[in-house]
Amino acid sequence: MHLFAHRPTSTPSRLGLRGLACVLLLAVLTACGFRLKGTSPLPFDTLYTNINENSAFGADLRRLIVATSPNTRFVDDVTEAQARLTQISMQRSMREISISPEGRVEEYELNLVFVFKLTDAQGRELLPATTLSSTREVPYDPDALQAKQGEIGSLFQEMQRSLIDRIVRRITSPEVNEAYRNLPTIAPEAEGIAPAAPEPPAEDTMPSPDHTPLPAPGMAPSY
């Protein structure tokens, strides 16, 4: 009777081949512009913005940018910045969209509009003036004014977070990276380009979401 020796499987070899295949696949996806979810480093290391860092919007925006691009830090001196994120305007509004037969407001539409641009230290555009907006609808009950105040405040906070996420996606896009890397490397003096003047601090045109004014029962909003 002959016994056949058990031949060990080539598991290490197969694992090695699978690992190599994964590396090659990732390289191909990266070459095609695919990025894994997580960090998306900006091509510059220092960033200046006129958005007030003491506002909830400004603080949340800074946190998300740093989390997304850990190599980027914010600077207070505009002359130290390689790029500038400029708030052009930000507006928040509320309008009636449904009125009862008795003339009372039944539903409001909340709107948040943010306009910004991204430039290099000489003011050359990396991302032209861009408008982002967010809209929500909320039913209104004049007999529950305080509860509606809190609901509208929460909705505006949610809209702000949505806008911040979209802003970061825009400035970390491959197009912005390519635009920055393709900028001429000649010194501004040689090009005859003067450094761009700093933008004035952005005006905070929006009250805190927790203090959103609501109309008295039966009255139109004071926006």
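The values are calculated or read from the model by the stated rules, or taken from the named source; none is laboratory data. These figures come from a predicted structure and were not determined experimentally. As a convention, Cβ positions derive from the backbone with ideal geometry for all residues, glycine included, and neighbour counts pool all protein chains shown. Note: areas computed on protein heavy atoms with side chains; ligands, DNA, RNA excluded. Shrake-Rupley method; radii C 1.70, N 1.55, O 1.52, S 1.80 Å.
Out of THR79, THR130, which single residue is surrounded by 15 or more Cβ atoms within 10 Å (Cβ to Cβ) and β-branched (Val, Ile, Thr)?
Testing whether each residue is surrounded by 15 or more Cβ atoms within 10 Å (Cβ to Cβ) and β-branched (Val, Ile, Thr) leaves just THR130.
Here is a check on your reading of the model: is SER222 at pLDDT below 55 and loosely packed, with under 12 Cβ neighbours inside 10 Å?
Spelling it out, SER222 is indeed at pLDDT below 55 and loosely packed, with under 12 Cβ neighbours inside 10 Å.
Scanning segment 101-127 for residues that are β-branched (Val, Ile, Thr) and under 18 Å from the mean Cα position of the chain (by Cα), which turns out surrounded by the most Cβ atoms within 10 Å (Cβ to Cβ)?
THR119
Being acidic (Asp, Glu) and under 22 Å from ASN71 (Cα atoms) narrows it down to one residue among ASP141, ASP165; which is it?
Of ASP141, ASP165, the one residue that is acidic (Asp, Glu) and under 22 Å from ASN71 (Cα atoms) is ASP165.
Tally the residues that are buried (at least 16 other Cβ atoms within 10 Å of the Cβ) and more than 13 Å from ASN50 (Cβ to Cβ), restricting the search to segment 84-100.
Final tally of qualifying residues: 2.
In segment 133-149, which residues are open to solvent by less than 40 Å² (accessible area, probe 1.4 Å) and out of contact with any helix residue (DSSP H, G or I) (no Cβ under 7 Å at 6 or more places or on another chain)?
Result: PRO142, ALA144, LYS148.
Could you tell me which numbered condition ARG169 fails, if it satisfies all but one of (1) open to solvent by 20 Å² or more (accessible area, probe 1.4 Å); (2) under 15 Å from the mean Cα position of the chain (by Cα); (3) in contact (Cβ under 8 Å) with a residue 12 or more places away in the chain?
ARG169 satisfies all of (1) open to solvent by 20 Å² or more (accessible area, probe 1.4 Å); (2) under 15 Å from the mean Cα position of the chain (by Cα); (3) in contact (Cβ under 8 Å) with a residue 12 or more places away in the chain except (3).
Is there any pair with a first residue in segment 112-129 that is in a strand (DSSP E or B) and small (Gly, Ala, Ser) and a second that is at pLDDT 95 or above and surrounded by fewer than 19 Cβ atoms within 10 Å (Cβ to Cβ) whose Cβ atoms are under 8 Å apart and which are 6 or more apart or on different chains, and what are they?
ALA129/ILE88; ALA129/VAL115; ALA129/LYS117
Please work out if GLU191 is farther than 28 Å from ILE51 by Cα and either open to solvent by less than 70 Å² (accessible area, probe 1.4 Å) or at pLDDT below 95 (or both).
When the stated conditions are applied, GLU191 passes them.
Please verify whether ARG166 is modelled with pLDDT of 95 or more, among the charged types (D, E, K, R) and touching a helix residue (DSSP H, G or I) at 6+ places or on another chain (Cβ under 8 Å), treating the condition exactly as stated.
No, not satisfied.
Could you give every pair whose Cβ atoms fall below 7 Å, whose first residue belongs to segment 49-60 and is assigned to a loop (DSSP other than H, G, I, E, B), and whose second residue is at pLDDT 95 or above and β-branched (Val, Ile, Thr), counting only separations of at least 6 or pairs across chains?
ASN50/THR86
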